[in-house]
Amino acid sequence: KTPTTNHSKIQKKQLRKKSKRKNKKVVIAEQKQKKTDLVYQLHRTICHHFPQLFEWMREIDDCRKKNSQYKLATHLMACLALFLFKTESRNGYNQKREDQLFRDNYERLFKQPMPHADSVHHVMELLNEAQVERLKKTMVNVLFKRKIFHKNRYRGQWFRIAVDASGSARFNHKHCEQCCHKTSKNNKTTYFHNVLEARLVTPNGFSISLITEWIENPDNEDYDKQDCERKAFNRLAIKLKKSYPRLPIIILADGLYPYEGFFATCQANQWAYIVTFKEGNLKTVWSEVDELLPLQKENRLTEIHYLPNGHKIEQHFTWVTELDYQGYSLNWLECCESVTRTEQGKNGKLQPVTKQCTFVQITDLPLDKKNIAKSSHTGRLRWLIENEGFNTLKNGGYKMEHKYARKSYRAMKNYFQFMQMAHLINQLMIKSLYFHANYLTGKNHPTLKNIWNTLISVMEWIELDDKKIEDITKEHRQFRLIS
């Protein structure tokens with residue numbers, strides 16, 4: 001080989017190495033930009049859906065008796081950010097505040113200083129909880145006015161409102177006068193706070209807090225029985241009707257709610273309902289179902305669905321109409337579902353595995369072969385308040401059961417409301433088509449927990465662009481949600 005040929009090969013090899021290094025730098029730059037865009041996307045979500053958020057915060061009455069170096073809206077934004085960034089505790093928020101770059105980026109995003117969590121907590125102890133809930137209602141009303149959820153109405157008319165209660169805090173001592181309590185067989189008394197929520201749920205996975213009603217005893221000892229979920233529902237229904245008087249609503253609830261008082265409340269407020277119906281509930285209705293089921297043989301339907309992943313879903317629907325209970329006309333429906341999956345057995349061979357479930361509900365809406373499948377599916381959407389709602393708030397970084405306020409009951413309520421507002425904003429962000437296409441699709445895509453860890457890392461390690469933030473504030477763009 002001639003020296004010229006060897007030199008040419010060396011040059012080509014060097015060019016290939018240089019090209020690989022260049023491509024690697026391009027990939028790293030793209031990945032860095034994609035991660036940084038997470039923070040910009042959060043800012044874009046707030047600016048697009050709630051451009052007047054800071055103005056609404058400024059309208060809340062200042063509850064502080066002493067002068068402060070921070071405006072009230074600054075503390076409110078800090079409390080919202082505590083849950084937006086999923087810091088999981090006041091101490092976690094303070095740790096982020098100690099990071100200088102995180103604090104600088106925070107001030108770039110919100111045009112507000114980042115106060116200490118103790119200062120924020122002092123405000124939460126004094127703040128009128130009714131005004132905080134009104135702020136949440138204002139945010140939700142904006143979404144209704146913009147018809148964000150209108151495509152997801154049941155039968156093109158009703159908004160699905162799921163109602164359920166969940167625990168928010170437990171103590172081994174009496175936390176406040178409103179604490180509920182129970183005593184075990186070992187004579188050990190546990191004190192707790194439960195909360196009843198009315199949440200808007202949609203088939204594409206939203207679970208948005210509309211009304212919050214705390215299950216609490218009177219602030220004096222003069223009561224015969226403790227507060228309970230059914231009593232709290234009566235108060236919640238009044239607030240829900242007052243806040244959304246003309247909103248067409250269908251109530252989704254669990255097996256606790258089929259009782260005469262619930263039917264009367266829904267009828268008085270012109271609400272439809274689909275509720276879980278268990279064995280033992282309303283025995284006279286079950287007896288009537290057993291009598292009429294053989295007579296309404298035409299009320300049968302079978303549907304079989306073959307999914308792209310090879311799974312098979314077989315559903316057998318049965319329903320009984322025109323049941324009478326204390327003057328209320330009810331319709332009963334049952335779905336027996338079989339799901340067949342192909343799984344690897346103990347012998348290493350693939351074999352079909354079938355799991356069966358039965359779902360029973362009652363409703364006041366008419367049923368027929370055209371709507372029975374959607375009616376059953378809508379009744380089952382009640383699980384969204386438990387999974388996408390309470391479970392996410394407890395285990396998805398918000399730490400709903402964490403004691404953000406160990407002494408002040410008012411502060412506990414206020415933290416809970418800001419948690420709901422942050423959850424709303426984060427849902428709008430992750431359920432956008434842009435976010436879903438860029439972060440939640442493809443093989444081995446990251447989990448939401450990893451995504452939020454990345455978002456925090458960006459706040460701590462990358463200096464945000466002031467011009468980019470300003471452009472996002474002024475831009476007008478479509479914000480489509482997944483269907």
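Worth pointing out:
- Sorted into 5 angstrom bins from 0, the C-alpha pair distances of segment 371-443 split as 3, 13, 16, 17, 18, 14, 10, 5, 3, 1, 0 percent.
- Centroid-to-centroid separation of segment 405-455 and segment 133-162 [C-alpha atoms, Å]: 19
- All other residues whose Cβ lies under 13 angstrom from that of LEU428 are scored, Lys and Arg at +1 and Asp and Glu at -1, for a net of +4.
- Calculated on the alpha-carbon coordinates, the convex hull of segment 292-384 measures out at 134 cubic angstrom per residue.
- Semi-axes of the equivalent ellipsoid for segment 236-316, computed as √(5λ) from the eigenvalues of its C-alpha gyration tensor and ordered from largest down, come to 31, 22, 12 Å.
- Looking at segment 199-252, the accessible area is 45 square angstrom per residue; that uses a 1.4 Å probe and ignores ligands, DNA and RNA.
- Whole-percent carbon and sulfur share, accessible surface of segment 24-67, 1.4 Å: 49
- Global geometry of segment 346-394, whether rounded, prolate or oblate, following the gyration tensor of its Cα atoms and the 1.5 cut on a/c: oblate
- Cα coordinate range in segment 75-149, projected on the principal axes (Å, largest first): 40, 27, 22
- Rounded D (µm²/s) - the chain, Kirkwood Rh over Cα pairs, Stokes-Einstein at 4 °C, 1.567 mPa s: 50
- Distribution of pairwise C-alpha distances over segment 148-219, 10 Å bins, in %: 18, 34, 22, 16, 9, 1
- Net charge of neighbours whose Cβ lies under 9 Å from the Cβ of LEU196, counting Lys and Arg as +1 and Asp and Glu as -1: -3
- Remark: the Cα gyration tensor places segment 36-115 in the oblate category, a/c being 1.5 or greater and a/b not exceeding b/c.
- The tail of the calculated P(r) for segment 295-453, taken as Cα-Cα distances beyond 25 Å, holds 58 percent of the pairs.
- Cα-based shape type of segment 209-351, given that a ≥ b ≥ c are square roots of the gyration tensor eigenvalues and the cut on a/c is 1.5: prolate
- Relative contact order (%) - the chain, alpha-carbon pairs under 8 angstrom, separation at least six: 19
- Accessible surface of segment 150-231, 1.4 Å probe: 42 percent of it comes from carbon and sulfur atoms.
- Between the amide H of TYR273 and those of ILE251, ASP364, LEU365, distances stay under 5 Å, these residues lying 5 or more places away or on another chain, with hydrogens modeled in the peptide plane.
- Relative contact order for segment 117-235, counting Cα pairs under 8 Å that sit 6 or more residues apart, in percent: 20
- Only the Cβ atoms of Lys and Arg (+1) and of Asp and Glu (-1) were treated as charged; on that basis the dipole of segment 273-372 about its Cα centre amounts to roughly 720 debye.
- Distance cut-off 13 Å, percentage of C-alpha pairs in segment 57-97 lying past it: 57
- When the Cα convex hull of segment 145-285 is projected onto planes of every orientation, the mean area is 11.3 nm².
- Per-residue [θ]222 nm for the chain (sum of -39500 (n - 2.57) over DSSP H runs n ≥ 4, rounded to 500): -14000 deg cm²/dmol
- Per residue solvent-accessible surface (Å²) - segment 336-483, probe of 1.4 Å: 55
The values are calculated or read from the model by the stated rules, or taken from the named source; none is laboratory data. Note that the structure is predicted; figures quoted are calculated from it, not measured. Don't worry about glycine lacking a Cβ; one is built from the backbone with ideal geometry, like all the others, and counts go over all protein chains shown. Areas reflect the complete protein model, heavy atoms only, side chains present, ligands, DNA and RNA absent. Shrake-Rupley method; radii C 1.70, N 1.55, O 1.52, S 1.80 Å.
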